[in-house]
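The values are calculated or read from the model by the stated rules, or taken from the named source; none is laboratory data. Values in this document were obtained by computation on a predicted structure and should not be read as measured data. Every residue, glycine as well, gets a Cβ built from its backbone with ideal geometry; the counts of neighbours run over all protein chains shown. Surface areas here come from the heavy atoms of the whole protein model, side chains and all, with no ligands, DNA or RNA. Shrake-Rupley method; radii C 1.70, N 1.55, O 1.52, S 1.80 Å.
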Amino acid sequence: MTLVGGGPGDAELITLAGRRALAEADVVLHDRLGPTDRIDEWAPGAELIDVGKTPGHHAVPQREIERLLVARAQEGLRVVRLKGGDPFVFGRGGEEVAACRAAGVPVTVVPGVTSAVSVPGAAGIPVTHREVSRAFTVVSGHVPFSEEELGHLVGLGGTLVVLMGVGTLPHFVAGLRRHGMAADMPIAIVERGFSPSQRTTTSDLGGILHRIAEVRPASPAVIVVGEVVRVPETFACEDGRPEASDAIASVIAQLGT
């Protein structure tokens, strides 16, 4: 079995090793996120099984996904598990590798470009920047943070990157403020990274809840908290990508309000 990280959704950001694994696959189990539009082209003749999850709805339970991986591999088929981003960044890739190895199925892991870094980058936001932030912390916002966790995050400094955090954002913001993070700390929400409908909403912790009531952000989105959110106003878009330039313009305009 080959576990492939497909990157954040842009077809050009899946690795050569990932493309090669798909080209040789007999079976591909794929998620909702990631580069799914061209699987037919990349894995010609392969059986394609959609095991994608949406927030609050897991049509195919995780244990069933693992059973399918093992069963198809034990039939002698070349199985690819295609996941969005990097499979080991909140992707449950470790569980799938463990299930296969426990069943005696050899596993090859092909890392992917994680949305935790690439999606902020698509909006012109670096997760680290000299003399601004020398560290970043990636957390899952799928479940509300405890008071202890919130206090720890505030004490870390640097940049906070939250995946799967739109639904718990009000609790997260209130918790950061409660534990002493400044109201003027910048925050950005980057939705649908690398898609034509990519959108960046920026504010600060004191004003973001009013902004989200207006724009109603939705998953998939990456949330960035830290002074790096102000950096895009020093950038110029060099590659001509319309989604990147639009996102940067949006950040600059909103930071000026």
query = Just to be sure, is R192 under 18 Å from the mean Cα position of the chain (by Cα), of a type outside the set (F, W, Y) and at positive phi?
reply = yes
inquiry  = For the structure I just gave you, tell me whether V97 is within 24 Å of R38 (Cβ to Cβ) and either part of a helix (DSSP H, G or I) or touching a strand residue (DSSP E or B) at 6+ places or on another chain (Cβ under 6 Å) (or both).
reply    = no
note = Subset of region 125-142, residues closer than 25 Å to R199 by Cβ, of a type in the set (A, V, I, L, M) and either open to solvent by less than 30 Å² (accessible area, probe 1.4 Å) or without any contact (Cβ under 8 Å) to a residue 40 or more places away in the chain (or both), comes to I125, V127, V139
ask   = Picking from R32, R19, which residue would you name as being open to solvent by 40 Å² or more (accessible area, probe 1.4 Å) and assigned to a loop (DSSP other than H, G, I, E, B)?
value = R32
query = Among the residues of region 102-124 satisfying the criterion of being free of Cβ contacts under 8 Å to residues at least 60 places away in the same chain and out of contact with any Phe, Trp or Tyr (no Cβ under 9 Å at 6 or more places or on another chain), which is surrounded by the most Cβ atoms within 10 Å (Cβ to Cβ)?
reply = G121
ask   = Out of (1) over 20 Å from the mean Cα position of the chain (by Cα); (2) open to solvent by less than 50 Å² (accessible area, probe 1.4 Å), what's the single condition that is false for G7?
value = (1)
task = Please state which one of V173, V161 is open to solvent by less than 10 Å² (accessible area, probe 1.4 Å), more than 26 Å from P61 (Cβ to Cβ), within 12 Å of the chain's Cα centre (by Cα) and among the aliphatic types (A, V, I, L, M).
result = V161
message = Going residue by residue through region 37-52, is there one that turns out to be over 22 Å from V162 (Cα atoms), basic (K, R), part of a helix (DSSP H, G or I) and free of Cβ contacts under 8 Å to residues at least 40 places away in the same chain?
response = no
remark   = Filter region 143-158 for residues that are open to solvent by less than 40 Å² (accessible area, probe 1.4 Å) and out of contact with any helix residue (DSSP H, G or I) (no Cβ under 8 Å at 6 or more places or on another chain); the one that is nearest to G180 (Cα to Cα) is G151
task = Could you please find all residues in region 76-94 being more than 19 Å from R63 (Cα to Cα) and in contact with a strand residue (DSSP E or B) (Cβ under 9 Å, 6 or more places away or on another chain)?
result = L77, R78, G85, D86
ask   = Could we say that V228 is closer than 24 Å to P8 by Cβ, open to solvent by less than 60 Å² (accessible area, probe 1.4 Å), of a type outside the set (S, T, Y) and at pLDDT 95 or above here?
value = yes
